[in-house]
1. Under a crude label model (7 Å from the Cα following the beta-carbon direction), how far is residue 292 from residue 242 in nanometres?
2. Report the calculated FRET efficiency for residue 69 and residue 273 (r = Cβ-Cβ distance, R0 = 56 Å), to the nearest 0.05.
3. Which of 116, 34, 314 has the fewest other C-beta atoms within 10 Å, and how do the rest follow up to the most?
4. So if I take the centroid of the Cα atoms in the range 43-100 and the same for the range 200-241, what is the distance between those two points in Å?
5. How do 243, 357 line up, fewest other C-beta atoms within 10 Å first?
């Protein structure tokens, strides 16, 4: 919840910082940001405030429809994607997203394809479409500016400061495979917060620690990535083996929830805090041990991306474990208790080479 509020604050700060210097020159860019789920091209209108942004944009289109259809007020559409493997795939996805948003505006707003200037980007950490309308501050139909807030001097300037449409060359957009009138200028592509990956990033992954499986200890877990920087993981292990007429035994279960903070441009490195609890029962020599363990510590790791769906997670945990256990031996098939002990351990508490499969 805190992270979501922080995103909204960043978006508001971005919008205000983009508008403030332009107001000083009697011109205001109105920016609308539409969020997309990473690796998906569907435009979900109810997603993370998209419905409110679309309503604002349609109101702006309604108030300035004559200028838009007349060609003096183009809509700059910037599509962004960086959640796929290659630049080509990201540009194609960005183009599809741009077209989804434009289709909504054409159908609901009654405008035409010729009203848009489209540019697509394979940018780091962005999964959204940004629509910018460079509305003049003193235009009577300007959205977001109340006439009562204008000074007398501002009301005296009634002429539009917008650049009139000229005969612009028709350019071919390599990403969309379509033709677009004119070329988006650098100022038409607003800079969004670095590292933000869509408003609804949440993804779910299935995890399996290969080191655990190599010791015949099945291990499975889930990780919920709330946003690019934060994730919650839970791993569980269970095994039960006996041999030599049950004179030898190896059995345990563990549950280890963990909170992670991902860092870096690609959000591949992470630090985490882990809690671990479980029980064990083993007899690999003349005397066995059975008891409980509990502890926790700090984890660190790196996720290596293999393809769209698979990652390899290398991780290590350092911290504290406490074990309360009973010693026993088996005499004539009967377990005989030989005392109890408590041990504390400081050092490595977890290690893994974990295969991560992204479910969605």
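Throughout, read-outs are computed from the coordinates displayed, never taken from laboratory work. Everything numeric here is computed off the predicted structure, so don't read it as measured data. In this analysis, Cβ positions are derived from the backbone assuming ideal geometry, glycine residues included, and neighbour counts consider all displayed protein chains.
1. It is 2.3 nm.
2. E between residue 69 and residue 273, to the nearest 0.05, is 0.50.
3. 314, 116, 34
4. What the calculation gives is 37 Å, centre to centre.
5. 243, 357
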